[in-house]
1. Let a ≥ b ≥ c be the square roots of the eigenvalues of the Cα gyration tensor of the stretch A:143-296; is it rounded (a/c under 1.5), or, if not, prolate (a/b larger than b/c) or oblate?
2. Take the Cβ-Cβ distance between A:ASP77 and B:LYS182 as r, set R0 to 51 Å, and report the resulting FRET efficiency rounded to the nearest 0.05.
3. Between the stretch B:61-107 and the stretch A:384-407, how many Å separate their Cα centres?
4. Could you run the numbers on buried accessible area between B and A, total for both chains, 1.4 angstrom probe, in Å² to the nearest 100?
5. Leaving out ligands, DNA and RNA, and with a 1.4 Å probe, what % of the accessible surface on the stretch A:181-317 is carbon or sulfur?
6. With the label 7 angstrom out along Cα to Cβ, how close does B:ASP235 come to the same site in each of the other copies, in nm, nearest first?
7. Considering only the label points, 7 Å along Cα→Cβ from Cα, what distances in nm to one decimal separate A:LYS182 from the same position in each other copy, shortest first?
8. Return the residues of the stretch A:61-89 for which accessible area with all protein chains present is lower than in the chain on its own by 20 Å² or more; set the probe to 1.4 Å and exclude ligands, DNA and RNA.
There are 2 protein chains.
Amino acid sequence: MSEKRPARQPQSGHHNLDPHLPRYAARTAGMTASEIRALFAVASRPEVVSLAGGMPNLAALPLDSLSSQMAELIANDGLVALQYGSAHGVPALREQICEVMALEDISAHPDDVVVTVGSQMGLDMVTRLFCDPGDVVIAEGPSYVGALGSFAAYQAEVVHVAMDDQGLVPEGLREALGQCRKHGKRVKFLYTIPNFHNPAGVTLAVERRAEILEICREHDVLVVEDNPYGLLGFDGQTYPALRSMDPDNVVYLGSFSKTFASGLRVGWVLAPHAVREKLVLAAESATLCPPTLNQLVVSRYLATHDWKGQIKTFGENYRERRDAILSALEQHMPPGCSWTHPDGGFYVWVTVPEGVDTKAMLPRAVTARVAYASGTGFYADGFGSRQMRLSYCYPTPERIKEGVRRLAAVLESEMDLMRTFGSVNPRVVSGPENPSPDTA
Amino acid sequence: MSEKRPARQPQSGHHNLDPHLPRYAARTAGMTASEIRALFAVASRPEVVSLAGGMPNLAALPLDSLSSQMAELIANDGLVALQYGSAHGVPALREQICEVMALEDISAHPDDVVVTVGSQMGLDMVTRLFCDPGDVVIAEGPSYVGALGSFAAYQAEVVHVAMDDQGLVPEGLREALGQCRKHGKRVKFLYTIPNFHNPAGVTLAVERRAEILEICREHDVLVVEDNPYGLLGFDGQTYPALRSMDPDNVVYLGSFSKTFASGLRVGWVLAPHAVREKLVLAAESATLCPPTLNQLVVSRYLATHDWKGQIKTFGENYRERRDAILSALEQHMPPGCSWTHPDGGFYVWVTVPEGVDTKAMLPRAVTARVAYASGTGFYADGFGSRQMRLSYCYPTPERIKEGVRRLAAVLESEMDLMRTFGSVNPRVVSGPENPSPDTA
């Protein structure tokens with residue numbers, strides 16, 4: 001982690017057109033459009049197979065029954081559902097959230113749960129509570145792009161630690177923490193997505209979990225465990241949450257976005273008691289309270305639907321798509337490419353041969369009617385140009401196969417050009433191998 | 001504004017029980033429970049007449065028709081309503097928001113509107129964009145407690161400027177800005193609630209508006225206009241928004257919490273184009289996107305209901321309550337008290353005789369089964385101990401009258417004690433008159 005890495009490219013020069021430029025806070029300089037976001041516009045054209053986004057596939061939701069539930073809720077409890085609530089969240093929902101978390105061995109008190117506007121808000125609140133400018137957050141490399149956005153908004157510095165196919169590498173974590181200590185950097189927390197990682201598609205091996213927690217304890221570093229995909233294992237398998245193994249040193253982030261409905265924006269934070277008190281205050285200044293309606297919708301859904309059965313159905317859909325993408329990758333990708341083999345979640349992480357730059361190649365891919373997310377968006381430090389994230393969550397298996405076929409053809413012609421003219425992309429990072437969860 | 005004022009009391013000593021204490025960011029020290037929040041628990045007991053909260057009275061909402069609308073929305077557009085959207089907000093709703101703002105003479109492009117999770121989030125995002133620690137925000141004294149919370153979360157310093165019954169006093173603003181300049185302080189924006197002020201209940205006179213804008217221009221200071229109550233004038237009167245008079249130097253915050261339903265948490269920011277781009281990025285890192293469901297509910301409501309008629313009905317309810325509270329105050333309050341006479345909105349701001357401390361008196365009031373919000377919560381600098389905010393928005397007119405009767409009795413006995421023993425409250429602020437919008 002001490003090698004010199006290319007700095008992130010600064011935002012191109014719109015600034016001089018903005019008369020408010022001298023007024024912005026320092027943190028605003030770190031707010032740049034994510035590469036993934038810039039992509040959505042082109043990638044959403046119907047002729048493009050988008051393997052770029054992370055939208056859950058909601059087609060299996062029981063809309064008719066949700067519709068009548070919602071009608072009943074407004075007719076009977078409308079004056080509550082449409083009124084302000086507390087920043088802490090609806091008590092009944094917080095109890096139900098504890099039942100959800102029990103599936104991953106978490107034993108928690110509803111008082112220690114804070115409902116948030118999606119777990120993105122949880123992330124933002126935790127960063128707000130803990131990070132002064134210049135503080136370090138340790139994160140897997142690659143890491144969730146939305147987390148990197150929150151860390152940047154609070155001017156935290158991100159130090160990436162490599163993964164392999166068993167998830168975060170304990171030795172890498174130990175080394176990173178040692179280096180930070182050596183350089184006098186204040187590390188505030190380890191941010192980790194242990195299960196079905198976004199974007200890497202790997203899962204932290206159970207036998208590593210205690211060791212990771214132990215290392216963080218040793219270095220007096222908090223653990224922030226982000227777990228939106230934990231119940232979406234393709235064989236119904238779940239893993240013990242880090243929170244279940246060290247309640248006092250783990251802040252846990254959960255979400256209904258992937259297990260029920262993302263458009264409701266209902267997530268939560270489970271935090272040690274003293275942290276929870278501060279979280280409520282932070283949340284109050286951020287949004288006053290999460291929407292009451294949405295909390296009651298989730299609460300009713302959990303109380304009246306077979307929500308575990310629904311998660312199983314979602315999982316079956318995703319497994320079918322995972323199978324489609326893995327077999328298409330196997331069939332079509334040129335030699336020299338490798339990828340992860342997820343057992344749950346939404347994503348495959350692909351590494352392409354040296355010399356190919358996934359960010360530079362993207363416009364050519366979109367011209368060939370396939371979109372992906374370039375790996376660079378998932379690093380805070382410019383790495384990831386040999387990687388890409390492929391999402392298999394949303395398109396049909398047939399579209400996925402067609403998308404991979406197109407992508408492979410783009411890659412082939414990119415590699416042809418390279419063989420003929422040398423590297424086609426002058427900005428390819430040379431030097432040490434990118435840390436990445438390759439399995440090949 | 002340069003007088004020495006008592007510092008805010010630090011939070012009482014829970015801290016030493018918190019093992020995470022050394023880990024928090026510096027900003028966390030400024031996160032303290034608002035006095036109003038601490039009050040909600042006691043004030044919500046049914047025997048207490050609460051004149052403390054600011055919950056809109058939703059009883060007039062057409063729940064049956066909302067119920068069937070909601071059912072239809074999920075049945076027909078469920079896969080959109082329950083899916084992620086953009087951080088910018090639903091385009092159709094942003095167009096409708098422009099129609100709403102046109103009622104206050106604002107001409108805006110839907111692209112420049114960003115939908116937020118209540119206007120509290122708008123406030124938080126604007127502060128995030130502009131305020132470095134130590135930067136100054138100018139705000140009316142008193143000011144909205146939630147705004148003070150956001151400013152504290154970003155470590156901004158608040159300088160209050162006095163109001164009179166015509167709203168913010170231009171001369172006071174000029175002086176405050178001059179003092180800040182003299183002391184080398186960076187003022188980032190004026191935060192103002194021009195219409196039916198929370199908590200002061202006054203409205204910025206139309207003839208002052210251009211002058212306020214001009215002063216801010218002169219001092220190169222942005223204006224943040226917070227306008228949740230603007231359409232709730234009791235005679236249907238509206239005022240030209242500051243934004244309508246200086247589009248390039250005003251960021252406007254709007255909300256459906258008081259004109260439709262607070263529990264949906266749908267608000268918005270209208271900002272100059274370059275600022276708007278950054279707002280979307282900030283919002284993305286804060287919540288990813290506002291809930292799609294809630295945006296579509298508001299959009300349908302605006303498209304299918306007589307929303308202006310509904311606002312008129314709300315206004316009539318509030319006028320009836322305003323009349324009740326003003327006549328009860330007139331009838332019961334002891335000599336030496338004064339209060340504002342709102343023409344819209346939710347609040348009356350009361351000043352009590354010198355020597356009475358509204359914060360110290362509050363437990364005695366709650367024992368007498370009436371609650372209010374002590375004035376100190378609305379100042380960042382410890383002022384306001386001779387003031388209180390009375391909300392007339394929620395209780396019935398009969399309850400309001402009973403509440404004021406009880407409150408007057410508490411005040412009487414407090415003043416009796418004073419006459420007998422001198423001041424009963426050692427911590428009463430002596431010195432210059434509190435700046436406050438007294439009309440007496």
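The values are calculated or read from the model by the stated rules, or taken from the named source; none is laboratory data. The structure displayed is predicted, hence computed values, not measured ones. Because the Cβ atoms are built from the backbone with ideal geometry, glycine has one as well, and the counts that use them run over all protein chains shown. Ligands, DNA and RNA are stripped out before the accessible areas are found, and what is left, the full protein with its side chains, is counted by its heavy atoms. Shrake-Rupley method; radii C 1.70, N 1.55, O 1.52, S 1.80 Å.
1. oblate
2. Numbers: r = 56 Å, r/R0 = 1.09.
The computed FRET efficiency comes out at 0.35.
3. The stretch B:61-107 and the stretch A:384-407 have Cα centres spaced 33 Å from each other.
4. On the way: alone 18940 and 18910 Å², together 30900 Å².
The summed interface area works out to 6900 Å².
5. 47
6. Label-point separations across copies, in nm and ascending: 7.6.
7. Counterpart label points of A:LYS182 in the remaining copies fall at 5.4 nm.
8. Those residues are A:LEU63, A:SER67, A:MET70, A:ALA71, A:ILE74, A:ALA75, A:LEU79, A:LEU82, A:GLN83, A:TYR84.
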